[in-house]
Structure formats: structure tokens, C-alpha cells
1. Looking at the range 57-67, which of its residues are in contact with a helix residue (DSSP H, G or I) (Cβ under 8 Å, 6 or more places away or on another chain) and surrounded by fewer than 21 Cβ atoms within 10 Å (Cβ to Cβ)?
2. Name the single residue, out of those in the range 112-138 being of a type in the set (S, T, N, Q) and out of contact with any Gly (no Cβ under 8 Å at 6 or more places or on another chain), that is farthest from ligand 1 (Cβ to nearest atom).
3. Checking ASN199 against (1) on the phi > 0 side of the Ramachandran plot; (2) within 16 Å of ligand 1 (Cβ to nearest atom); (3) modelled with pLDDT under 95, which test does it fail?
4. Out of all the residues in the range 188-207, which are away from ligand 2 (no atom under 16 Å from the Cβ), under 30 Å from the mean Cα position of the chain (by Cα) and either among the aromatic types (Phe, Trp, Tyr) or surrounded by fewer than 19 Cβ atoms within 10 Å (Cβ to Cβ) (or both)?
5. Counting only residues that are away from ligand 2 (no atom under 16 Å from the Cβ) and more than 18 Å from THR172 (Cβ to Cβ), which one in the range 128-146 is nearest to the chain's Cα centre (by Cα)?
6. Among the residues of the range 223-259, count how many are among the polar types (S, T, N, Q) and within 18 Å of GLY143 (Cβ to Cβ).
7. Using the structure shown, decide if ASN148 is within 30 Å of VAL315 (Cα to Cα) and either within 16 Å of ligand 1 (Cβ to nearest atom) or of a type in the set (Val, Ile, Thr) (or both).
8. How do the pairs read when you match residues in the range 379-403 that are part of a loop (DSSP other than H, G, I, E, B) with residues anywhere that are buried (at least 23 other Cβ atoms within 10 Å of the Cβ), using Cβ under 6 Å and keeping only pairs 6 or more apart or on different chains?
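The values are calculated or read from the model by the stated rules, or taken from the named source; none is laboratory data. Everything numeric here is computed off the predicted structure, so don't read it as measured data. Here the Cβ positions follow ideal geometry from the backbone for every residue, glycine too, while neighbour counts run over all protein chains shown.
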Amino acid sequence: MENNSLIYKKFWDDSLAILKKEMPAHAMSAWFEPLKAIGVDGDVIILEAPNKFFCEWIDSHYKKEILRALNSATNKQILYRLKISKKDKTKSIPGYENQLIPEKNKFLSRNNLNKQYSFDNFIEGANNEFAKNAAKAVSMGPGDNNFNPLIIYGGVGLGKTHLMHAIGNEATIINPNLNAMVVTSERFTLDFVNSLRKNKTIEFAQQYRSADILLIDDIQFFRGKEQTQEQFFHTFNVLHQSGKQIVMTADQYPGEMKGLQSRLLSRFNSGLSVDIQPPNFELRVAILLEKAEQNGLSLDYSVIEFIARYVKNNVRDLEGAVIRILAKSSLLNKEIDFQLVKDVVKERTGSKIFGDISMEDVVKKVSEKSNISVGEIVGKSRKMEIAEARHISIYLCRNIIGASLSNIGLYFGGRDHTTVMHSLTTVDKKIQTDLKIKDSVFNLKDQIEELL
Ligand code: ADP
Ligand code: MG
């Protein structure tokens, strides 16, 4: 391609026009329009993106669409490369700028361990430590342990794929000659079906049986696929008998999985099945802190807690929330304030969580509990129990609704924001030192949140 700025800019503009016809408007404004064509390098167009997570997001969600648009806009096999804008304040990832999009290799999913999934960046908590330890043990001595096969099971977004790749990564760091093959069960099925079509079942079998560690993700997709299961059964036996390691993930306890042949299930029983549970509150906080740091995002602890309270189901959602906050603030060029965070959490959890709860609802509830009137709570009295009910109301308005300091101040009889801050720190301190207060504040919080 000629290094003519008009040409590559035009190519990108044309591609955007094509994308516009296919993609929803929000995706256009959030992800495509911010990309700027800044150069070419052979047949690779260089697109500038605001930051690291943006690049990752584009690559993991929109690579195909972009390549397709570039190809139809130019009538050529044009690739793209993302470059992080110099203006980005978040940390850049080494190698990203030179990373070619491996379009030609996209069917080489085998051996394609995702290097970003390691044990080091897998945060441990009560819900996953057993799975992590088993995975580690397997990576240290693939095949020569009692955990063969190792099956990691649990709901979506809880880190099963992460742990599986971590096993492959760790094992090949320890022994670079190991052949670690990682595939999804869908990929396995597809490869098998293709081999049938092309009369290459022998090659298929050889390829899979050459693995030292075979890592198969999401085996629930084998359900009902009799012939694939049969193939898998043989592959499994060959590997198992020759002391090779097999690791699988599943969305539920494999022993109870319907639609899988019982002879497969009984093979699975010879190894170890470990589950991962949804993260508890503390782990969610830890994960958010880590993900925020990885993305160069500094969030107030209160914000982290707020997200952790509402985004509960899985780690993928937590990560998504962090990425979305960054994206929103950088795209809209807005400070990350409580409102923005609240919007993101609301988007991700559905508005039901927030309902239309108001400061009035909060104060009413506190009034009910404390037998102090609403008027007194928002009034001027300095009597100890009234002041305490007021402090608690303010604390709850901040922590449940996320009201701004100035709005809280206004509602509570025109106090300024330092007074509001004072209430917040008072309650924070009391919660830490006085169990009774802690209990009653948390009870109130639960009750108010039930209104939502
Ligand atoms: P699953 O395969 O169980 O659906 P993934 O392994 O794809 O879930 O995890 C979803 C995302 O959450 C990934 O980006 C993964 O890195 C991240 N993740 C999950 N659990 C953890 C954890 N304990 N520590 C750090 N990141 C995690
Ligand atoms: Mg997975």
C-alpha cells in the first residue's frame, strides 16, 4: 500500500462506513470511531487507539468485523495493527504496538495458549483456592499425579479457562518441549467433522494424540454429539494410558452431565473434579483492585466497594465493569465520578438494582428504626442520638444511592460538603470500633437495599 496519508485515511473512512451499516450505533461510537488511521506498514494499516484495554477489547470483540470491512473497502487482504495513543496515561503493554493481528493463523487454535492467563495473575480466594492448587500441582507434574484427568467446573466467568491456560503456560515454562494443546470442545468437534469431510481422520487422531497435555475447554458442548464423543473417548484413552495429562473444564459437575456417554463419565471419575464458586465480597474487592491497577485506573476504595456490592455474579462482569468505566471516561472525556460508576454498574446489572430509591426513602427507614422523626434527622439538633441518626442517614445516602456530597448537604438542611464528609468519616470510624453500630448500619443497609 502506498504510504499516502489520503489513501489510508480514505480506506479507513470507507471501512467505517461499511461497519456503520453492520454494527449498532453504540458500538460505532464506543469502539470504531475513536480509532484513527495514522499510517501504513506494507499491507498493514496502523490504527491508533486510546489505550491498552481498548486494544484488547477491539482484538477480542471486533477483529473479524474490522478485517472484513478493511477487505471489502480495499478489495485487498489488509491487516491492521493497533497502536496505543501517546496521550494515554494508562500503562502500555509491552509488545502491543508491534503485535500483528494473526489473521492467517486464526485456525491454529491448538497450542495457542493465552499467555495472559497465569497463576500469578489469578487471584485466590476461598471459592477457587482448591481449584488453583490442583491446577498448580498438575502444571508441575503433568501426567504423573493422581489428578488425571483434572476437571475444573463451575459457572460462567469464574476463571475456568484462565486456570486451564495457566496450567499449559506454567507447564511449558517448566518444560518448553512439552506439547500442550489447548482447544475448546467446539474446536475439537469442528476439527473432527472437517477431518471426516476430508478423509483425514487419521491425521486428526495423530495430531491430538501427540499432545503431552491436552486441555479441553467447556466439554459440555460435547453433549449429544455421539460421534465426537466416541473420538474423544479414544483420544482420551490413548493419552491417559501413555501417562499424558488431560485437563477439562465444564459448566457443571461432570459426573452429572446429561448427554455425555456414561463410559466417558466413568473415565472422568478416575481423576479429580474441582469446582470454582462465585467470588465472595472480599474476593470481588481484591479482583477489582487488581484489575483497576492492571488497567492503570485509580478508583476510590468506596467506588470499588460499591461495584463489588452490586456486580456479584462472576469475575468477567467485574472485569467488564472496570473496562467499561475506563472506556466511558476516556471516550466521553469525563472524570470518573460516582455518577459515571453508578451508570456503568446500572448498565451491567440492570436498572432494577437501583430502582428509584431516594434520600427520602433512606431517611424514612432510619427514622422508623430509631424513632427519631424525619424532620429531626434532617434538622439542626445536636442531641447525640439525633446527630447519630443523621450521620448514619448521610452515610447510607452516600453508600447506597451514591448521592454527591453537595446533594446530600442540600437535602440535610443545607450543610456544606465538609460537614457531610465529617459524618461519613464518623460513621466509618464507628463501624470499625463499635460492633453494635456496625450491625445496625449494615442491617439498615440491607433493609433499604431490599426496597430496590
Ligand atoms: P470461565 O472460563 O470460567 O467462564 P474465564 O476464565 O474466561 O471464566 O474468566 C473470565 C475473566 O475473569 C478472565 O478475563 C479471567 O482472567 C478473569 N478471572 C477469573 N477469575 C479470576 C481470578 N481469580 N483472578 C483474576 N482474574 C480472574
Ligand atoms: Mg471459559
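1. Restricting attention to the range 57-67, the residues satisfying the condition of being in contact with a helix residue (DSSP H, G or I) (Cβ under 8 Å, 6 or more places away or on another chain) are 57-58, 61-62, 65-66.
Passing the criteria: TRP57, HIS61, TYR62, GLU65.
2. Initially, the range 112-138 is screened for residues of a type in the set (S, T, N, Q), giving 112, 114, 116, 118, 121, 127-128, 133.
From what is left, the residues that are out of contact with any Gly (no Cβ under 8 Å at 6 or more places or on another chain) are 112, 114, 116, 118, 121, 127, 133.
Details: ASN112: 15, ASN114: 9, GLN116: 7, SER118: 9, ASN121: 6, ASN127: 8, ASN133: 13 Å.
Looking at the filtered set, the residue picked out is ASN112.
3. In the conditions (1) on the phi > 0 side of the Ramachandran plot; (2) within 16 Å of ligand 1 (Cβ to nearest atom); (3) modelled with pLDDT under 95, ASN199 misses (2) alone.
4. If the condition is that a residue be away from ligand 2 (no atom under 16 Å from the Cβ), under 30 Å from the mean Cα position of the chain (by Cα) and either among the aromatic types (Phe, Trp, Tyr) or surrounded by fewer than 19 Cβ atoms within 10 Å (Cβ to Cβ) (or both), then LEU190 is the only one that fits.
5. From the range 128-146, those away from ligand 2 (no atom under 16 Å from the Cβ) are 129-130, 133-134, 136-146; that's our starting set.
Now restrict to residues that are more than 18 Å from THR172 (Cβ to Cβ): 129-130, 133-134, 146.
Details: GLU129: 19, PHE130: 21, ASN133: 22, ALA134: 23, ASN146: 31 Å.
Among those residues, the one meeting the criterion is GLU129.
6. The initial filter retains those residues of the range 223-259 that are among the polar types (S, T, N, Q), namely 227-229, 231, 235, 237, 241-242, 245, 249, 252.
Subset that is within 18 Å of GLY143 (Cβ to Cβ): 235, 237, 241-242, 245.
Looking only at that region, the number is 5.
7. Values: within 30 Å of VAL315 (Cα to Cα): yes; either within 16 Å of ligand 1 (Cβ to nearest atom) or of a type in the set (Val, Ile, Thr) (or both): no.
Answer is no for this residue.
8. Between residues of the range 379-403 that are part of a loop (DSSP other than H, G, I, E, B) and residues that are buried (at least 23 other Cβ atoms within 10 Å of the Cβ), the close pairs are ALA403/CYS397.
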